[in-house]
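Notes for the one structure printed next.
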Amino acid sequence: MVFSEVAPFAKTGGLADVGGALPLALSNLGCQVRIVMPFYNRFVEEFAGADPVVENLPVELGSQVINTDIYRGQLNDTVEVYFIRRDEFFDRTYLYGTPKGDYFDNFQRFTYFCKAALSLCPAVQFQPDIIHCHDWQSGLIPAYLKHLVAAEDYLAATASMFTIHNIAYQGQFAAKLFPQTGLPGRFFSMDGMEFWGGINFVKAAIVCADVITTVSPRYSEEIQTKEYGHKLEGVLQMHRRKLHGIINGVNYEEWNPENDRYIAANYSRENLEGKHMCKLDLLRTVKLPERLMNRPLIGVVSRLADQKGFDLLAAVMDKFMAYDLGLAILGVGEDKYHTMLTALAERYPEKIAVRLEFDERLAHKIEAGADMFLMPSQYEPCGLNQMYSLRYGTVPIVRATGGLYDTITPFNPTKGEGVGFRFTNYKPESFWDATKKALDLFSQTETWRQIMKNGMAMDFSWQSSAQQYLKLYEKTVAEKKRAGGSPATERGTGKKKTGDARQRDKA
């Protein structure tokens, strides 16, 4: 599995949470899983156990050969993590860019990453049945497997899966950089990775991967439309037969109020007493007045970007502030939202607390201590925080898009069913209408408790998602084999080899 970020080693958002959880769930199903990611020095070195296993591995980048060192660590006892270390590419303050924009050399950084990820397989003697790539940073790997691997090569029988976590981020670069990919010239075409006169890593993956997934069923449908496809909807429609939607899961070992080590008190659906203490702790932590204990406290943990609906929040902020409520906001992102939120916190210090950073401990405290959680996204491929919120009894207010649509059913006061509040039109008034419904119901203690308990009863564990992935792996590997693959090792099951199979391999 190839990720550009994996929790706990490096994280900017939900992709890292998937990287830290899905491999473990697959391992529990009997798969041999190994992860490949960059060695981000300032992050990885905080975690013990990453040791060099290969030094000076040659990796081609255009006409250059740039050596890399491979380090090995452990996600747990069964899942190994290989780190690709080349300090001039990955020893940076941020993973992909500063708040002012992307790093100027991201093309070189992640082209190199893709090539190194393939080169390390024979170097560490691991011959995968399938390489599961995630987002644009690994998007060239399916193209390399299809166009550069010969029938006699080490990875000739290896299939590829590509997961689109967010199609808005595509890895688009100037056409003049194409020769540095090392791909054949014919691949710079409408049927290849050419995209509006430039090159596009995600398009390369869509065209070349044996199977494509997205992180929710709804999102797999949305990205085939003009509204959500970001100009790749036509390509996705052409390849829709190999496109599947699998909802992300939640790592309940990390996100569970019954055993969360970051929160002031543990609690459960059967005993909610601890949530009261968590709210008090959150107010004290973010320095909001304790008088808000009996008023709605609304949480936000998000990347601060247009996609996340902060323009809607700005448009209705005066209406929010007309209520006696609190807002606790945690995140980093675009400068304009840093400026906007800082100004609002200075203007309403008794109601708004803003932390412009990533703080894992505070993220857990917000999920546990808030009464409501806002996710008014323009689009949301899956979303994880709304599922975290459900488990913590923190009622989500979301836009009906992507995974938010799939996971949050609106509360029906007549039937007492539903787990949150949802709006459809991406307009300030629609967002406010849904929020006002929640605010109005908050004072109805028994009804509100029912909504909380409905959400806490939901189960979005990774087991179900991992089983769906495993079925796709098995199907894809079998089809690859029928199409001409001739693997040297036992393949097609995705399961760990038996002792007899290992002995055959040694023989």
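Computed from the coordinates by the stated procedures, all read-outs in this text should not be read as laboratory data. On a predicted model such as this, the values are computed, not experimentally measured, just so you know. Heads up, the Cβs are rebuilt from the backbone with ideal geometry, glycines too, and the neighbour counts pull from every protein chain shown.
Approximating the spin labels as points 7 Å out from Cα along Cα→Cβ, the residue 427-to-residue 321 distance works out to 2.5 nm.
Contact order, relative form, for region 273-456: 21 percent (alpha carbon pairs under 8 Å, 6 or more residues apart, mean separation divided by residue count). Take the convex hull of the alpha carbons in region 273-456; its mean projected area over all directions comes to 9.2 nm². Its relative contact order, with pairs defined as Cα atoms under 8 Å and 6+ residues apart, puts region 392-474 at 29 percent. On a 0 to 90° scale, report how tilted helix 335-347 is relative to the longest principal axis of the chain, with both axes built from alpha carbons and the result rounded to the nearest 10. So the inclination is approximately 20 degrees.
Could you give the distance between the Cα centres of region 105-131 and region 284-320, to the whole Å? Between the Cα centres of region 105-131 and region 284-320 lies a distance of 41 Å.
Extension gain, residue 447 to residue 12, is 153.0 nm, computed as 0.36 nm per intervening residue step minus the present C-alpha separation. The peptide list 293-305, 200-212, 444-456, put in order of mean Cβ contacts within 10 Å with the highest first, becomes 200-212, 293-305, 444-456. Residues of region 58-86 falling in the label zone of residue 51, defined by backbone nitrogen less than 12 Å from a point 7 Å along Cα to beta-carbon, are 72-74. In a DSSP loop and with at most 15 other Cβ atoms within 10 Å, the GluC sites (Glu not before Pro) in region 294-383 are 350, 357. Taking a ≥ b ≥ c as the square roots of the eigenvalues of the Cα gyration tensor of region 373-444, is the shape rounded (a/c under 1.5), prolate (a/b larger than b/c) or oblate? In terms of gyration-tensor shape, oblate.
The local environment of residue 179, defined by Cβ-Cβ distances under 15 Å, has a net charge of +1 under the rule Lys, Arg +1 and Asp, Glu -1. Relative to the longest principal axis of the Cα atoms of the chain, helix 273-286 runs at roughly 80 degrees.
Computed from the C-beta positions of residue 294 and residue 336, the FRET efficiency with R₀ = 60 Å rounds to 0.95.
In this structure the amide hydrogen of residue 159, modeled in the peptide plane, comes within under 5 Å of the amide hydrogens of 130, 131, none closer than 5 places in sequence on its chain. Among the lysines of region 273-456, pairs that are 8 or more positions apart or on different chains and have alpha carbons within less than 15 Å of each other number 15. In terms of its C-alpha gyration tensor, region 219-331 has an oblate overall shape, because the principal axis ratio a/c (a ≥ b ≥ c, square roots of the eigenvalues) is not below 1.5 and a/b does not outweigh b/c. Spin-label model, residue 262/residue 149: points 7 Å from Cα along the beta carbon direction are separated by 3.7 nm.
Quick one: dipole size for the chain, taken about the Cα centre, charges +1 on Lys/Arg Cβ and -1 on Asp/Glu Cβ, in debye to the nearest 20. Numbers along the way, then the final one.
On the way: 58 positive and 60 negative charges, 169 e Å.
It works out to roughly 820 debye.
Determine, from the Cβ-Cβ distance of residue 284 and residue 482 and an R0 of 41 Å, the FRET efficiency 1/(1 + (r/R0)^6), rounded to the nearest 0.05. The calculated FRET efficiency here is 0.10.
Give, to the nearest whole percent, the P(r) tail of the chain beyond 34 angstrom, counting all Cα pairs. Looking at the chain, the distances longer than 34 Å represent 38 percent of pairs. At full extension, residue 409 and residue 226 could sit 63.3 nm farther apart than now, given 0.36 nm per residue minus the alpha carbon distance. Relative to the longest principal axis of the Cα atoms of the chain, the long axis of helix 462-482 lies at roughly 20 degrees.
Give the peptides 393-403, 86-96 in descending order of average Cβ contacts within 10 Å, highest first.
393-403, 86-96
Computed 3J(HN,Hα) for region 7-15, one whole-Hz value per residue from the Karplus formula 6.51 cos²θ - 1.76 cosθ + 1.60 where θ = phi - 60°, is 6, x, 6, 7, 8, 10, x, x, 4, glycine and proline marked x.
Could you please state, rounded to a whole Å, how far the C-alpha centre of region 59-100 is from the C-alpha centre of region 458-475? Here the two parts' Cα centres lie 28 Å apart. Taking every C-alpha pair closer than 8 Å and separated by at least 6 residues, the mean separation divided by the residue count of the chain gives a relative contact order of 13 percent.
Once you reduce region 351-377 and region 229-272 to the center of their Cα atoms, the two points are 17 Å from each other.
Restricting to DSSP H runs of at least four residues, report the calculated mean residue ellipticity at 222 nm for the chain, -39500 (n - 2.57) per run over all residues, nearest 500 deg cm²/dmol. Computed mean residue ellipticity for the chain: -10500 deg cm²/dmol.
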